[in-house]
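Below is one structure, written out as structure tokens; comments come after it.
The values are calculated or read from the model by the stated rules, or taken from the named source; none is laboratory data. Keep in mind it's a predicted model, so treat the numbers as computed, not measured. For neighbour counting, all protein chains shown are included, and Cβ atoms are generated from backbone atoms with ideal geometry for every residue, glycine included.
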Amino acid sequence: MTPETAILVAIGIPLVGALAIALAGRISPNLREAATAVTSLSLIWVVWGLLPLLMDGGRPSVEVSQVMPGLSIAFAVEPLGMLFAALASGLWLINSVYSVGYMRGNKEQNQTRFFACFALALSATIGVAFAGNLFTLFLFYELLTLSTYPLVAHKGDAATVRSARIYLGVLLSTSIGLFLPAIIWTYSIAGTGDFTTGGILAGKLNDPEIGLLLGLFVFGIGKAAMMPVHKWLPAAMVAPTPVSALLHAVAVVKAGVFTITKIIVYIFGIDFLFEASSSQWLVYAAAFTIITASLVALRQTNIKRLLAYSTIAQLSYVIMAAAILKPLAEVGAAVHMVAHAFGKITLFFAAGAIYVASKKTEIHQLRGIGRRMPWTMAAFTIGSLSMIGVPPTAGFVSKWYILAGAFQANNLVAVFTIIASTVLNAAYFLPILYMVWFEREKEAGKEHGEAPFLVVLALCLTALLTLAFFLFNGPVIDLESQVVKGLG
Amino acid sequence: MDLLTHLPALQVVVPMLSAPLIVLLQPRGLAWAGATAVAVLSFAIAVALAIAVLDGQTIEYAMGGWPAPYGIALSVDAFSALVLLVITGAAAAALLAAKPSIDQQIEVERQPLFYSAWLLVLSGLVGIVVSADAFNIFVFMEISSLASYILIAGGPNRRALPAVFKYLMMGTIGATFYLIGVGLIYMMTGTLNLADMEARIGDVTDINPILVAAGFITIGLALKAAVFPLHVWVPNAYTHAPHMVTVFLAACATKVALYVLIRFDYMVFQGKLDDHEIQFAMFVMPLAILGILIASAVAMFEGHIKRLLASSSIAQIGYILLGVSFVSMAGLSASAMHIFNHALAKGGLFLAVACLAYRYRDLRLNQLGGASARMPWTCAAFVVCGLSLIGVPGTAGFISKWMLIGAALETGPWGWGLVAIILISSLMAVVYIWRIVEALYFQAPIEGDAPMSEAPVQLLLVTGLVALMNIYFGLFPHVPLELANSAAALLLEGSR
């Protein structure tokens, strides 16, 4: 298989898989789960098969259709997209293992629709990751919104549908109202939307407009959940936990920050943007989101909502890192996407495991639960420490790089924000850890032990990844350093 | 005899002469088969014509060999070929799917008459498009209108009768206005042939009657085309017509009137009357914008699925007019493209509605609960066509919206305002399409409903095919795009 066909096959596999899952679901649940497993394994095989080529500096690309002059559907794989696709496809496998345990353990309805839409969402994610120009990216970005809507609205009762409406409304209206005009603007001044090393806007746009266009992009990409367009993320927590874990900690939200990073690096160009005074606001806006979301997270009583606000803060880390506009910080942005993904998916897995085993959803109910569910809570602890950025976890690595980038740029706002938010993260995670391990259960509640085996297996795997990434992050850094080679 | 050279004539003659013959096909099912065969043949002729004019040339045809100013002239260029494709394609697709739905809605003994009227509408509409003569356009307009009154009133729904009466009144006023205008021009120029009119209108010394004529013709055709605020006949007519008739007429009927409006104005008036372009733009653009915004807003609050889609059609006509009002190459090709793409999207939506209507008696949104479980394919097709109507990338609807936005940006500093209007109305489309999607997918079924299954395969296949075409033409729009670009170039050339 040539790399060019591999790109198309990678997008096609989950599509075919969605169909196979839908058909297999009519025959038996076991066959359906087998279809999911085969699909995600073959997706990993194809996507990860591209890695060696990318490490050697290859940039495979393929054009599918020239829709109109200057407007084409094309794919091009570069380090950022490669990393994102490898991350999403790899975690999908673990998440599928978890989903089977979770959905069966909870006896959820419409499981076939659930697994089919999940595959569809993955196809859209890979499309976003491999998109070669803004138009293609937008196409898959919208597809990702639409394919995840049924997953958010899964339960189907009035409150869920209301939340799902917020989800869809915010994401669609920002993308059509701000993101699309930004794309149109870009095409109209640059004549192209291809992701090009060094950017395509240099010399074509002047100062106040640069900041405006950047604003249209950043707030138009609602998936990045920058305040004030973050409301959809807490709303999306009504979805079953595997959806929150993979989509609202990894695929969907990372698609947002990934898109912003990609636009900063390949549309604006970091040097061009660094020179423009009107782009400086982005660091402040991201810093504001980090601090505010962390403060809001402090006040949450529901586990998943707390994790949602923590995600909002962590996403803005990536945006802030990208907005520092220095090579080390760009690497930090990419690394943080991975580091946060491992940690946060572990936390969500743990929250779901608690729900399956005990139906508990609130933080105050967690007193002493560490004794009943030692594996789950150990993983939860590792995830929390990674969020705070304590070594030896993945979160430390990315914070290190972002801080290094901030010093490189002499950006004291960013430095201060990282320190302050680390304190805040510790302030909302450490009390939970204390409660879990050192307090006693108040009244004798329902007797329960660990969650189903598959659930525990999945969350232990991701916790291990969180630890392993601290030690074995070399390949990722090598790959992402290619993005900024020869810059700054 | 070389058949190819006679295609413009055959395009009209085949359905027209078959119409009376269909009445004779009394045995069950035969009338449908005959009418469908004729519609498919017409579509094939339209495809052949489109291929012939793809490179931008114009086919002129003189009926009976009489040369143009005296005899009846027909002409087909890229613009007419595009509209012919839409008309015949809509007629053929609707008829191919129609049998189960028509059998359910119209008594067997009246069916031959019904199909005969259908073919008359078809021949009238294509006749309007191929005519190169202002009076023949009027004649064909009357043929298609009268026959379409029959189609709309032909269903079992008695509320169709007042609806059709309103349509008849408005339609007749529109046609009369048009005729008055044509009469005035004839008085001043002594010709009815459009090309001839264009040549002679410059020599007219007293320009006032021509100005009055331009007013009458524009208003008359705007009535026929359901341009806001002359659209009041549309919602009822579409809602109460038999479902398959709605598919056919919603896809193409008003667009044919728009076609004449555009053709007449660009060919005869523009470039010949002082400042006509500006007057035209200043007259049409506000109506287009109001239509887009108000009709979309109305659609957001409609409770009946057919009325909702009918309101959306009025907004979409606004898009087409908006492009026309730019009087630019980009604007005109965007409009021509939207004629094609909107026919695909709206035709597909109404086909899906026809599938739903085959099982659901009541098409109000709050009655459609549980449809997605019972009719998954229908609902999937509806979603795809709905996305195309919204203009989501990857679907046909995106292409024309993208072109329209590009054309709006060319108009100068006001362009961003127009872009904002287009985007706001797209968001409104999200709202009204999503109301239907939620009703189909997330609303609980009504208690005590009889169990239902998917629509008949025949209906479903065509619906699915049209839905797929919405995606195909979103990814590979080259053929309609080329036609639209040639059409725009020809129209602008004609306006000089």
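Go through the range B:354-378 and count every residue that is in contact with a Leu (Cβ under 9 Å, 6 or more places away or on another chain) and not in a loop (DSSP other than H, G, I, E, B).
10
Residue-by-condition table, conditions (1) within 20 Å of the chain's Cα centre (by Cα); (2) of a type outside the set (Asp, Glu); (3) modelled with pLDDT of 90 or more:
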position: A:Phe75; (1), (2), (3): no, yes, yes
position: A:Ala85; (1), (2), (3): yes, yes, yes
position: A:Gly105; (1), (2), (3): no, yes, no
position: A:Leu139; (1), (2), (3): yes, yes, yes
position: A:Val161; (1), (2), (3): no, yes, no
position: A:Ile166; (1), (2), (3): yes, yes, no
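When residues of the range A:150-191 are filtered for being facing another protein chain (nearest Cβ under 9 Å), within 18 Å of A:Ala225 (Cα to Cα) and hydroxyl-bearing (Ser, Thr, Tyr), how many remain?
The total comes to 1.
What's the number of the only condition in (1) more than 11 Å from chain A (Cβ to nearest Cβ); (2) within 11 Å of B:Asn341 (Cβ to Cβ) that B:Phe382 fails to meet?
Of (1) more than 11 Å from chain A (Cβ to nearest Cβ); (2) within 11 Å of B:Asn341 (Cβ to Cβ), only one is false for B:Phe382: (2).
Among the candidates B:Phe135, B:Phe140, B:Phe165, B:Phe177, which residue alone is part of a helix (DSSP H, G or I) and more than 30 Å from B:Thr239 (Cβ to Cβ)?
After applying the criteria, what remains is B:Phe135.
For the range B:180-199, give me the residue count where each residue is free of Cβ contacts under 8 Å to residues at least 60 places away in the same chain and among the hydroxyl-bearing types (Ser, Thr, Tyr).
The total comes to 2.
Of (1) within 14 Å of another protein chain (Cβ to nearest Cβ); (2) buried (at least 23 other Cβ atoms within 10 Å of the Cβ); (3) closer than 28 Å to A:Thr192 by Cβ, A:Ala116 satisfies all except one. Which?
(3)
Looking at (1) within 11 Å of another protein chain (Cβ to nearest Cβ); (2) surrounded by fewer than 20 Cβ atoms within 10 Å (Cβ to Cβ), which is the only condition B:Gly391 fails?
It fails just one condition, (2).
Counting just the residues of the range B:467-496 that are hydroxyl-bearing (Ser, Thr, Tyr) and assigned to a helix (DSSP H, G or I), which one comes out modelled with the highest pLDDT?
B:Tyr472
Looking for something in contact (Cβ under 8 Å) with a residue 12 or more places away in the chain, farther than 26 Å from A:Ile324 by Cβ, buried (at least 24 other Cβ atoms within 10 Å of the Cβ) and among the aromatic types (Phe, Trp, Tyr) - is there at least one such residue anywhere in the range A:376-387?
Within the range A:376-387, one or more residues are in contact (Cβ under 8 Å) with a residue 12 or more places away in the chain, farther than 26 Å from A:Ile324 by Cβ, buried (at least 24 other Cβ atoms within 10 Å of the Cβ) and among the aromatic types (Phe, Trp, Tyr).
I'd like the residue in the range B:406-421 that is at the interface with chain A (Cβ under 10 Å from one of its Cβ atoms) and surrounded by fewer than 24 Cβ atoms within 10 Å (Cβ to Cβ) and, out of all such residues, is nearest to A:Ser173 (Cα to Cα).
B:Ala420
Against the conditions (1) surrounded by fewer than 18 Cβ atoms within 10 Å (Cβ to Cβ); (2) farther than 22 Å from B:Lys346 by Cα; (3) out of contact with any Ser or Thr (no Cβ under 7 Å at 6 or more places or on another chain); (4) not hydrophobic (A, V, I, L, M, F, W, C), where does B:Arg364 fall short? Just the number, please.
The number of the failed condition is (2).
Output the residue which, of all residues in the range A:469-488 that are exposed (fewer than 15 other Cβ atoms within 10 Å of the Cβ) and in contact (Cβ under 8 Å) with a residue 40 or more places away in the chain, is nearest to A:Val390 (Cα to Cα).
A:Leu471
All but one of (1) more than 24 Å from the chain's Cα centre (by Cα); (2) away from chain B (no Cβ under 14 Å); (3) of a type in the set (Lys, Arg) hold for A:Arg26, so report the exception by its number.
A:Arg26 satisfies all of (1) more than 24 Å from the chain's Cα centre (by Cα); (2) away from chain B (no Cβ under 14 Å); (3) of a type in the set (Lys, Arg) except (2).
All but one of (1) at pLDDT below 90; (2) surrounded by fewer than 21 Cβ atoms within 10 Å (Cβ to Cβ); (3) within 30 Å of B:Tyr358 (Cβ to Cβ) hold for B:Ala52, so report the exception by its number.
Among (1) at pLDDT below 90; (2) surrounded by fewer than 21 Cβ atoms within 10 Å (Cβ to Cβ); (3) within 30 Å of B:Tyr358 (Cβ to Cβ), the lone unmet condition for B:Ala52 is (3).
In the range A:43-75, which residue that is within 14 Å of chain B (Cβ to nearest Cβ) and touching a residue at least 60 places away in the same chain (Cβ under 8 Å) is surrounded by the most Cβ atoms within 10 Å (Cβ to Cβ)?
It comes out as A:Phe75.
Exactly one condition in (1) free of Cβ contacts under 8 Å to residues at least 60 places away in the same chain; (2) away from chain B (no Cβ under 14 Å); (3) under 27 Å from A:Ser310 (Cβ atoms) is not met by A:Asn206; state its number.
Tallying (1) free of Cβ contacts under 8 Å to residues at least 60 places away in the same chain; (2) away from chain B (no Cβ under 14 Å); (3) under 27 Å from A:Ser310 (Cβ atoms), A:Asn206 fails exactly one: (3).
If B:Met403 meets every condition in (1) outside any helix (DSSP H, G or I); (2) within 9 Å of another protein chain (Cβ to nearest Cβ) apart from one, which number is that one?
Result: B:Met403 passes all but (1).
Filter the range A:161-203 for residues that are aromatic (Phe, Trp, Tyr) and free of Cβ contacts under 8 Å to residues at least 40 places away in the same chain and give the result.
Result: A:Trp185, single match.
On the basis of being of a type outside the set (Phe, Trp, Tyr) and touching a Lys or Arg at 6+ places or on another chain (Cβ under 8 Å), does B:Val83 make the cut?
It is true that B:Val83 is of a type outside the set (Phe, Trp, Tyr) and touching a Lys or Arg at 6+ places or on another chain (Cβ under 8 Å).
Looking at B:Asn366, is it of a type in the set (S, T, N, Q) and farther than 23 Å from B:Leu481 by Cβ?
In short, yes.
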